[in-house]
Amino acid sequence: MGEDGESPKINHSFLRDYVTEADVISTVEFNQTGDLLATGDKGGRVVIFQRETEPKGESEELGESGEYNVYSTFQSHEPDFDYLKSLEIEEKINKIRWLPQQNAAHFLLSTNDKTIKLWKVSERDKRPEGYNLKDEEGRIKDISTVTSLRVPVLKPTDLMVEVRPRRIFANGHTYHVNSISVNSDGETYLSADDLRINMWHLDITDRSFNIVDIKPANMEDLTEVITAAEFHPHHCHLFVYSSSKGTLRLCDMRESALCDKHSKIFEEPEDPGNRSFFSEIISSVSDVKFSHSGRYLLTRDYLTVKVWDLNMEKGPVETYQVHEYLRSKLCSLYENDCIFDKFECVWNSTDSVIMTGAYNSFFRMFDRETGRGVTLEAWRESSKPRAVLRTRRVYTGGRRRRGDVGVDSLDFTKKILHMAWHPAENIIAIAATNNLYIFQDRVNAENQ
Amino acid sequence: MFSKGTKRKFSDGDEDLSDESLVGARVASSYSLQRQSLLDMSLIKLQLCHMLVEPNLCRSVLIANTVRQIQEEMTHDGSWHMVTEAFCGTGQSPSERLVATEVLCRSREQDAEPKLFSVISYEGCREEEVVADETLCSVSVSDTVSNVCLAGRMGQCWEKSELSGVERDEEALEDSREDEEVDTEDGASTEGPKTIGQVFGTFEIKNGSPGPDSALEELFSDVDTSYYDLDTMLTGMQSAPKMGPYDLLDSLAPSHSSPSIVSTPNCRSDLNELDHIMEIIVGS
């Protein structure tokens, strides 16, 4: 190109980042048995992992569990264009939710900003052979060559996983869909965008019921948006939604068709001592999850995770500091937009441990019984396969131990936003940009 | 983040201060500077939404609420009062001066956008290094205001002007890349200054007129529906000369620029030069 021999080498590292942008994982979800794990990415693809079943009896004694291997990959959503507003519609998968299994096939819902799709995942491992009218390649036989009749038989073949779209729920949302949640009735599900929540029937794609609408008559009066929503795990008439002002609203669909009026509102009064211009932003709830028991709610705001009792509206019953050391950095985090990062939170199977993500590839787990938290890291270079995870620490004062990380050396581009916990066992899936980490609890820690 | 030299309190004049109150004044002005910086940052964030994809509504709402919060506090402080006082002509009633964004002599509702930014940037321009030529500014204001006032006035003067890009810094005008600059300005204009109303308005196709007069209504001005006209977007022509991001950046004092934006041109502009060019364009 240029003749200038002294021109600096072109730095191609940005190209690498660009290429893998589409691989950034945007959602992770186990199915109800935990045998399947689905991930969605920014490029609109869904990858399903399946847990290998353990044939060996001895492996159980060693405490080994099956590994997850790729089961199927498919393109769920494509980039789209809204011609009316001249804006692109991202194909990024915002959420995946599995339906409870009813037959041999698996069903999952995946959504981008605008459209929800129901996918059927089925296996084919047999094929009929011995047709009378078709030959092995499927060509029609010449009838004169057929001398005898036979019954076609099913022969085993290589496993083939077929994924087909069964329903497409389009045009239901003007704003960006942030949550979907399958109802315990097995027939309906809700989808929530910034201002509205719709309820759909899984079999009906051309109609949905609007159950919450917080859009003001005048958009200029808008001060609050919906950030997450979920159905109650057992009561099909209850759902909860969180807002950017840090409130949770529990709604009962039996009360009225439009649930703008909440049954209960969960709100913690603001701490006047900690008030700043960023108070509202950091109080915005980024994720809300019912406990498996259905009695508690787990919420994540920028600096904390909170456990709420459905019976007590005036405040959370437990509050855990995720990264309190960031409180003095809020202005910088506002400047680089990190303050708007939406972290998810999850319960373990027994509702005794809660987990959420942080920066620098760290994620935090809190034991509700002891109240103690631990910091772990999802980073390839510091953990070999089957190695025991070390706990990490962010240095915030006092005695500095080896391995402590200073607050100023945290990498804010390495954020753990999405994660999932196996419904029955202590297996967790952590998404770290374009990498998926699966960690399993070992009964015998000696085995590495 | 802020210039070190400015230690004046906004509300107090230049009376002699005792040591104690001097410290207090410094703390107060430091807070004011921080607050101003936050306000500038927030406005830029609202403006610079990437308009290929719809901006994140949650983020926009949170930033808008922050802006509103700062504005309310400034109103209580009296800082806002000084701003509005500077821009309102003598003919306006005192109560209007305290109205948050009802500033600048209004000729058209579409000028609501430049109002907000001009007002905000007033605070930023209240720096010693800003030189303003009072004679060119037809509004009787104190010296520190005129630069911003001028930007706003120009916006109103050139109603039909397609070359709204001329509002900008004379450095850009003198540059041989003037055409490119104008195109950029047009390009930026299509993105538009992202006032609250416009940010939320991208999600709607609205034809409504702005609501009844109120401080916050003006802050969240109505959407210019010509924005959605594909032709308008493509050609970058709009009925009202919008104050694009560059104008706001112009108005911000250099010391208040956030690192993420390109270094802002100095507030100081050769007003004679601009005036001359304006005459040529208007054809007077």
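Relative to one another, the C-alpha centroids of region A:282-338 and region A:200-217 are positioned 28 Å apart. Think of it as helices only: each DSSP H run of n ≥ 4 in chain A is worth -39500 (n - 2.57), and spread over all residues that comes to -1000 deg cm²/dmol at 222 nm. Shown is the FRET efficiency for A:VAL317 and A:ARG127, computed with R0 = 41 Å from the Cβ-Cβ distance and rounded to the nearest 0.05: 0.15.
Both numbers refer to the Cα atoms of region A:124-168; Rg and Dmax are 14.8, 48 Å. Using equal-weight Cα scatterers in the Debye expression, the normalised intensity of chain A in log10 at q = 0.09, 0.10 Å⁻¹ is -0.66, -0.80. Counting lysine pairs in region A:107-251 that sit 8 or more residues apart in sequence, or on different chains, and whose Cα atoms lie under 27 Å apart gives 10. Here's the picture: charge each Lys and Arg Cβ at +1 and each Asp and Glu Cβ at -1 in chain A, and of A:ILE265, A:PHE278, A:ALA420 the one pushed furthest to the positive end of that dipole is A:ALA420. Its convex hull of Cα atoms gives region A:69-201 a direction-averaged projected area, equal to a quarter of the hull surface, of 12.4 nm². The alpha carbons of region A:71-124 give a radius of gyration and a Dmax of 13.7, 43 Å, in that order.
Working note: Debye formula, equal point scatterers on the alpha-carbon atoms of region A:215-283, no solvent; log10 I(q)/I(0) at q = 0.20, 0.21, 0.24 Å⁻¹ is -0.92, -0.97, -1.11. Only alpha carbons enter this Debye calculation for region A:342-426, each as an equal point scatterer, and the log10 of I(q)/I(0) it gives at q = 0.17, 0.19, 0.21, 0.24 Å⁻¹ is -0.79, -0.97, -1.15, -1.34. Basic side chains Lys and Arg get +1 at the Cβ, acidic Asp and Glu get -1 at the Cβ, and with that the dipole of region A:113-205 about its Cα centre reaches some 260 debye. Considering every alpha-carbon pair of region A:157-278, the percent of pairs per 10 Å bin, from zero through the bin containing the longest distance, is 12, 38, 29, 13, 6, 2, 0. Every Cα-Cα pair of region A:196-247 was included, and the share exceeding 15 Å stands at 58 percent.
Computed from the coordinates by the stated procedures, all read-outs in this text should not be read as laboratory data. Since we're looking at a predicted model, the values are computed, not measured. All Cβ positions, glycine included, derive from the backbone under ideal geometry; neighbour counts span all protein chains shown.
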